[in-house]
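The values are calculated or read from the model by the stated rules, or taken from the named source; none is laboratory data. If you're wondering where the values come from, they're calculated on a predicted model, not measured in any experiment. Methodologically, a virtual Cβ is constructed for each residue, glycine included, from the backbone with ideal geometry; neighbour enumeration extends over all protein chains shown. These area figures cover heavy atoms from the full protein model, side chains too; ligands, DNA and RNA do not enter into them. Shrake-Rupley method; radii C 1.70, N 1.55, O 1.52, S 1.80 Å.
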Amino acid sequence: MEAIAQTTSHSQLLGKPKQTGNRSNKSGTIQVKIPIKKLPARREAGSTRRGSCLSGDPALVALLLPATNLGLTSAAYPRFFWYSPQNTAQQTQFSLYQIDERSRQRTLLYNTIFKPNAEAGVTSLALPSQDKIPPLEINQTYYWTVSIICDRTDPSPRSVITVDGWIQRVTLSKNVAHQLQRLNPKERIPIYAEQGLWFDTLSTVAELRACKPSDNNLSNLWINLLQQAELVELAQQPLQQKCSPR
């Protein structure tokens, strides 16, 4: 980790607001106000070395984050997304850290290890609220990593492919919060995008797609979001998420 994120307000992250509206249209396009702040991280990593457990095209692991490596959320317990290729890995490890701005030390808040899906696709993980994990703090920036572990006995970069990025929770105005409460999930998408909430936008589109995989408008929204994040090569990859009944 090369640098520590400074606490920044929602308005500072987004910069001067534009006067244009932000509503999805019939073709399924939407523009998320990506934060102007960029943080050092490696959101994509692969291994071309002989013996790697990654294969396919693209043979890389990638966090679904904007090119700034930072995504905003209003959620206390957000959902994280990443892509992993076809693989024979033994484990996937997800970790979330809180950063102390003065000491530059990181504190592990959550860590989990599980068996990865062998097929290529987009995986997601919701930060569990029932495991005594504290909710994300407002205006606090957190550091998260995903590691694909080919061989548990080999700690070398050939065996452990790690990607990392940042997330910051922000607060919404009372008017926006009340507006969101009156809307259904699909109607919330343009509001999330206007507020610059990358994680909320991506999570909502993913949840709707999981329940309506044949909905072309939702598919177009998903593709459009990944294009904005400069991850267009992942836009057609399968979404490994089940529909959660409401």
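Listed values, structure above:
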quantity: Scan of region 148-186 for residues that are modelled with pLDDT of 95 or more, outside any helix (DSSP H, G or I) and touching a Lys or Arg at 6+ places or on another chain (Cβ under 7 Å), ordered by number; calculated: 163, 164, 165
quantity: Candidates 162, 145 - the one that is closer than 16 Å to residue 45 by Cβ and in contact (Cβ under 8 Å) with a residue 60 or more places away in the chain; calculated: 162
quantity: Hits in region 186-218 - residues which are closer than 20 Å to residue 243 by Cα and open to solvent by less than 30 Å² (accessible area, probe 1.4 Å); calculated: 189, 199, 200, 201, 202, 203, 204, 205, 206, 210, 218
quantity: Strands (runs of 3 or more DSSP E) (entirely within region 40-119) containing at least 2 residues that are farther than 23 Å from residue 139 by Cα; calculated: 44-46, 60-63, 79-84, 91-99, 106-114
quantity: Count of residues meeting criterion [touching a residue at least 24 places away in the same chain (Cβ under 8 Å) and assigned to a loop (DSSP other than H, G, I, E, B)] in region 214-244; calculated: 10
quantity: Residue within region 53-65 that is hydrophobic (A, V, I, L, M, F, W, C) and within 16 Å of residue 169 (Cβ to Cβ) present; calculated: yes
quantity: Filter pass, residue 129 being open to solvent by 20 Å² or more (accessible area, probe 1.4 Å) and out of contact with any strand residue (DSSP E or B) (no Cβ under 9 Å at 6 or more places or on another chain); calculated: yes
quantity: Qualifying position, being surrounded by 14 or more Cβ atoms within 10 Å (Cβ to Cβ) and touching a Ser or Thr at 6+ places or on another chain (Cβ under 8 Å), among 223, 138; calculated: 138
